[in-house]
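Colleague: Here it is: the structure, laid out below.
The values are calculated or read from the model by the stated rules, or taken from the named source; none is laboratory data. The structure displayed is predicted, hence computed values, not measured ones. Glycine gets a Cβ as well: all are built from the backbone with ideal geometry, and neighbour counts include every protein chain shown. Please note that ligands, DNA and RNA were not included when accessible areas were found on the heavy atoms of the full protein model with its side chains. Shrake-Rupley method; radii C 1.70, N 1.55, O 1.52, S 1.80 Å.
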Amino acid sequence: MAERHENPYDMNSSSFDADKYLNKLLKSCNLKQIMDTEAIIVKDTQTLTSEMQTLVYENYNKFISATETIRKMKTDFLEMENEMKKLADNMKEITDSSDQITGTLQETRTELTKLTEKSALLKKLSGISSLPSKLTQLVNERNYIQAVQEYTRAKRVLELYGNQPSFKGIQEDCAVIMSNLQTILKEDFQRADKKTIHLTETGDLLLQLGESPSNLSKEMLQFATQRLHDELILLSDQTERDMIDFVDIGIEGFLNDLTLVTSSFYEMFVTKHFECEDDSFQELARSNLNEFVNKNMTAYLNLVQERVESETGDTQILLRALDRLHRRLCAMKNLGRGIEISRTGIDLIIHSVQQLCQTHYKILKDSFNDNLSSIRLTLVTSKNDGSLTELIDTLYVNTIEKVKGVLQDLLVFLNPEWSFNIKMDHKGISCIEGIRENLLVAFLRHISTVVTSFSDINSSCPANLLLVLSKLCLKLEKGGIRSLLNLVDELYEIDSENSSVLTHETELNSEILESAKTLLDAYVRVQGMNVSQMLRKSVETRDWINCLEPRSVRAVMKRVVDELTNIDGTLEELFESGQLNTTTSSDSSRKTHFSMSMQGKSQYRSTLSNFTSSQADNSLVHRLFSERVDIFNSSVDFSKVSIMSGIIRISLKTLLECVRLRTFSKYGLQQIQVDAHYLQLNLWRFVADENIIYILLDDILGSAVLRCLEKNPSGMLMEPNAVDLIVERF
């Protein structure tokens, strides 16, 4: 902008130089451009001239109008000044006249004032003279409030002029009337059918009539307690209403009456000072009032608590009702200074949370028991167990989702729309942690306890149910417990990691894993006993003395192998195969067991041919104690091979014990030899270490040799090739 003003070639600039502009124009422009520029300048000049003339004409008219206005104002101001002078003269005359009138009427005004006072006194005296009849009429009309007001207004006059004969009778009549009224009010005060608002009105009237504040305060609380008790009895009969209506009735009835009594008592006895009472009266009245409020509030909240405990409806309705109650109880805290309500609505809400936790805990237990019953019924009634994996997944998902649903339902207590916030109370924090401990953790431990109970030796549950429950425990240990604990910690903002009182995930995982192992051991025991039962009956029901020469493997051995094969197939669906630790190949396992040379040992047959009876006994006893721990007390892990090994160990051990209790002939001994070889050929693939089978089969055949009636029982054994032929034909 500064450059524009200093430009000598700019016509709008104050430093414009016409000569320079013309010289520049002649140098830079041709003739046509110069002529065009001239035409433009001429046109602009004419336009500016026209606009300037218009502006001059307009301003001229304005100047003329302003001049006329000023001239008119001067004329008007002169007239106004004359009027003001006249007004001042008139005001002066009025003031002088007023002073004259005031001086003249001064004596008259004084007389009028005296007459007015006398007239008012006469009216008051006239009212006092008619006061007894008026009080009697008001009492008869039961208009006690106005009667006390009339008497209170006239009381000062009666006390002032009561010594005069004309007023003494009136005073005595009024005293009798008010004494009778006081008796009536006293009787009304003690009547149980009066509402609380009438109680406070009557108490206030009695105080105005001179009743003793200390006695009246005690009686007021006593009779108010009786009336509130009646309210509670009526409220306890409203059990058919829903929770919101129940709370509304209590608020509109009991709490309103309690509030009215408390506020009225506070205003009548605590805030006022009574000269007839000592200085400790107010503190005593406040103490009695606190005791009255807390006693009745406790009774009411206990009733509401009982109603909450019996509530089975929607949780949202329950919470809306409790929210209304909490808002009202919070408002009651401002009844008066020094009034303390020991029990608040938050205590009731916390109890409601705990009660609802117990209800949901029972629901979870019932749901889990129903799921177990359904699965058990499926396993018992179905000819084909179907997919155990589906049953496990169904039970696991139903359990997890049910727990998640319960945790979501209880989360409604922390909704910010409620007037209460249990997380701000130390009891509320413990209550929230109780949702984790007394609901979730307790339910997980309940699962562990319930499923472990199925492992009891007296339990008659299906064997596959033990597998289902064991796998359920494994799934919970692998991630289910962690997900549920993380969910409750996240939903309720619980810092379980840094807490020393909350149950840790590892503790629960350890407990549930122990339950899984217990169930798996029980499954091994049950299946082992089932197979053992077939073997035991096959040994006990056969006549081993008179049996024929063996031509085939007994059918029970085939059933045993088929049963073990079915068990193996079931386990393969649920568990990993596990680590095989066989010391011989499948080809060696197909050889006749008693022709096989084991590490550092002679062939079994040649060894037995040199055995005496005492040597056989010593060998068996030595083997029993040296290998018992490894065979029968080894831990079963979560693998198919380990489980099958445990079942087979129990089965063969049972067969061994049954053989030891029987007596065999030559052919009976040979039949045991054939059966043992069949088992050796078919069982080795199920176990982790086939040497276990060899050892047990050695014991079985060795026991049969010792129990044989032949003189040289070891010489009665069949040739290995003959045994192979019999087994291969089966």
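Colleague: Report the Cα centroid-to-centroid distance between the stretch 545-565 and the stretch 5-42 in angstrom, as an integer.
Modeller: The distance from the Cα centre of the stretch 545-565 to that of the stretch 5-42 comes to 134 Å.
Colleague: Next question, about the same structure. Which order do the peptides 143-150, 677-684 take when ranked by the mean count of other beta-carbon atoms within 10 Å per residue, highest first?
Modeller: Going by the mean number of other Cβ atoms within 10 Å, highest first, we get 677-684, 143-150.
Colleague: Determine the gain in length on full extension of the stretch residue 514-residue 478; use 0.36 nm per residue of separation and subtract their C-alpha separation, reporting nm with one decimal.
Modeller: The span from residue 514 to residue 478 would gain 11.7 nm if fully extended.
Colleague: Hey, what's the per residue convex hull volume over the C-alpha atoms of the stretch 348-524, in cubic angstrom?
Modeller: 116
Colleague: Using amide H atoms built 1.01 Å from N in the peptide plane, name the residues 5+ places from residue 708, or on other chains, whose amide H lies under 5 Å from its own.
Modeller: The list, which skips near neighbours in sequence, is 664.
Colleague: Under a plain spin-label model, where a point goes 7 Å from the Cα along Cα-to-Cβ, how far apart in nm are residue 15 and residue 52?
Modeller: It works out to 2.4 nm between the two label points.
Colleague: Past the 31 Å Cα-Cα mark, which pairs from 333/365; 404/471; 365/517; 537/666?
Modeller: Cα-Cα > 31 Å for 333/365; rest within.
Colleague: Any chance you could look up the accessible area of residue 534 with a 1.4 Å probe, heavy atoms only, rounded to 10 Å²?
Modeller: 50
Colleague: A follow-up question, please. Using 0.36 nm times the number of residues separating residue 140 and residue 75, minus their current alpha carbon distance, what extension gain do you get?
Modeller: Taking residue 140 through residue 75 to full extension adds about 15.3 nm, to one decimal.
Colleague: Normalised by the residues of the stretch 348-524, what does the relative contact order come to in percent, with Cα pairs under 8 Å and at least six apart?
Modeller: So the answer I get is 30 percent.
Colleague: Give me the 1.4 Å probe accessible area per residue for the stretch 348-524, excluding ligands and nucleic acids, in Å².
Modeller: 46
Colleague: Which value in nm describes the separation of the simple spin-label points at residue 709 and residue 25, placed 7 Å from the Cα toward the beta carbon?
Modeller: So the two model labels end up 15.8 nm from each other.
Colleague: So if I place +1 on the C-beta of Lys and Arg and -1 on the C-beta of Asp and Glu, and nothing else carries charge, what would the dipole magnitude of the stretch 348-524 be about its Cα centre? I want it in debye, nearest 20.
Modeller: That gives a dipole near 480 debye.
Colleague: I need the P(r) histogram for the stretch 470-580: all alpha carbon pairs, bin width 10 Å from 0 out to the longest distance, whole percents.
Modeller: 11, 27, 21, 16, 12, 8, 4, 2
Colleague: Counting only protein heavy atoms, what percent of the accessible surface of the stretch 472-549 is carbon or sulfur at a 1.4 Å probe?
Modeller: So the carbon and sulfur contribution to the accessible surface is 46 percent.
Colleague: On average, how much accessible surface per residue is there in the stretch 219-312, in Å², for a 1.4 Å probe, leaving out ligands, DNA and RNA?
Modeller: Accessible area per residue: 48 Å².
Colleague: With the full set of protein chains in place, find how many percent of the accessible area of the stretch 191-339 is carbon and sulfur; take the probe as 1.4 Å.
Modeller: Carbon plus sulfur share of accessible area: 46 percent.
Colleague: Oh, and also: Over the C-alpha atoms of the stretch 191-339, what are the Rg and the largest Cα-to-Cα span, Dmax, in Å?
Modeller: Answer for the stretch 191-339, Rg first and Dmax second: 16.9, 57 Å.
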